[in-house]
1. Among the residues of segment 222-237, count how many are under 26 Å from residue 91 (Cα atoms) and either hydrophobic (A, V, I, L, M, F, W, C) or surrounded by 15 or more Cβ atoms within 10 Å (Cβ to Cβ) (or both).
2. Are any residues in segment 91-106 among the hydrophobic types (A, V, I, L, M, F, W, C) and either in contact with a helix residue (DSSP H, G or I) (Cβ under 7 Å, 6 or more places away or on another chain) or assigned by TED's automatic domain parsing to the domain that holds residue 224 (or both), and if so, which ones?
3. Say we look at segment 174-201 and pick out the residues that are surrounded by 11 or more Cβ atoms within 10 Å (Cβ to Cβ) and in contact (Cβ under 8 Å) with a residue 60 or more places away in the chain; which of these is nearest to the chain's Cα centre (by Cα)?
4. So which of 69, 80, 36 ends up being of a type outside the set (Phe, Trp, Tyr) and either in contact (Cβ under 8 Å) with a residue 24 or more places away in the chain or closer than 30 Å to residue 228 by Cβ (or both)?
5. Name the pairs: first residue in segment 119-133 and within 20 Å of residue 147 (Cβ to Cβ), second residue of a type in the set (D, E, K, R), Cβ to Cβ under 8 Å, at least 6 apart or on different chains?
6. Could you please let me know if residue 109 is closer than 23 Å to residue 159 by Cα, in the same structural domain as residue 154 (by TED's automatic domain parsing) and hydroxyl-bearing (Ser, Thr, Tyr)?
7. Kindly state which strands (runs of 3 or more DSSP E) lie completely within segment 175-256 and contain at least 1 residues that are touching a Pro at 6+ places or on another chain (Cβ under 8 Å).
Amino acid sequence: MVRCPNCGQKTSGDYCQWCNYPILRGKQTRDRKAEKQAKKEAERAAREQARREAREAREKARREVEEAKRAKEAEKQAKKEAELAAREQAQREAAEAIEKARREAEEQTREEAERAAKEKAKREAKLTTRETAKREAKGANKRAKREAEEAKRAEKAERKVRKEAEQVRAELYEGIVKLAIASPVDYEQMEELSEYLRQVQNLHLVLVGGSVEEDTKIVVSAEKPIPLVSVLREMPPVEQVVKKGKEIQVTLKAKR
């Protein structure tokens, strides 16, 4: 009597009398045991391989997450540095505009003083009598008054220059800006203006539209602070640019 390896019942013969499973004897039994042992070892090796692959997959995923995090931080830092550089550039340009305006005002004042001195020399050459001396005295008073007025005008011009320079700094636009296009406007003019707007660095054309009741509207988005009014004034199809509240009104040149 032997025990069936399949159902566990005691049986005799070459086949189990309960489940008809072949009863292996001698070498066949050893071969089957060896086959089962090899199968177990293969399964154990497969489980070990699966665990190693899982560990490697987790490590790879962790490294990828860390690399993505570092890349995002680097991108954020680069964007911050670019914004800082743009602000510094705008400040430098504004300072240069102020200095240029001051030099021009000083040059104009010197030219006016030289003209006044030449005129004075001519008048003094003609003065030979007492009456001439009186006229000279009167002229001196007038010159003093004129020089005082010129000094006031020069001071006023300098204040105007400073004010315009401050306005230049204040006219830096960033984010969503609406452009109101004054009527009449035709399709070719709008296409030409739109094309110039697309060529402006750090400026995106968001929307072009309008209705019968309202003027044509163009919506743009500035990624960085830019002097949008100055940029528009330099465009060939633009006749006039006026800042009105939060909008910018643009008048195009008349079509010939």
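The values are calculated or read from the model by the stated rules, or taken from the named source; none is laboratory data. Remember, it's a predicted structure, so these values are computed and weren't measured experimentally. A quick note on method: Cβ atoms are made from the backbone with ideal geometry, for glycine too, and the neighbour counts reach across all protein chains shown.
1. Adding up the residues that qualify gives 11.
2. Here is the first cut: in segment 91-106, the residues among the hydrophobic types (A, V, I, L, M, F, W, C) are 94-95, 97-98, 101, 105.
Hits for segment 91-106 are 94, 97, 98, 101, 105.
3. Looking at the filtered set, the residue picked out is 177.
4. On the way: 69 fails: either in contact (Cβ under 8 Å) with a residue 24 or more places away in the chain or closer than 30 Å to residue 228 by Cβ (or both); 36 fails: either in contact (Cβ under 8 Å) with a residue 24 or more places away in the chain or closer than 30 Å to residue 228 by Cβ (or both).
Criteria check complete, one pass: 80.
5. Listed by first residue and then by second, the contacts come to 120/143; 123/136; 124/136; 127/135; 127/136.
6. Details: closer than 23 Å to residue 159 by Cα: yes; in the same structural domain as residue 154 (by TED's automatic domain parsing): yes; hydroxyl-bearing (Ser, Thr, Tyr): yes.
So residue 109 fits the description; yes.
7. Values: elements: 203-209, 216-227, 238-244, 247-252.
The strands (runs of 3 or more DSSP E) meeting that bar are 247-252.
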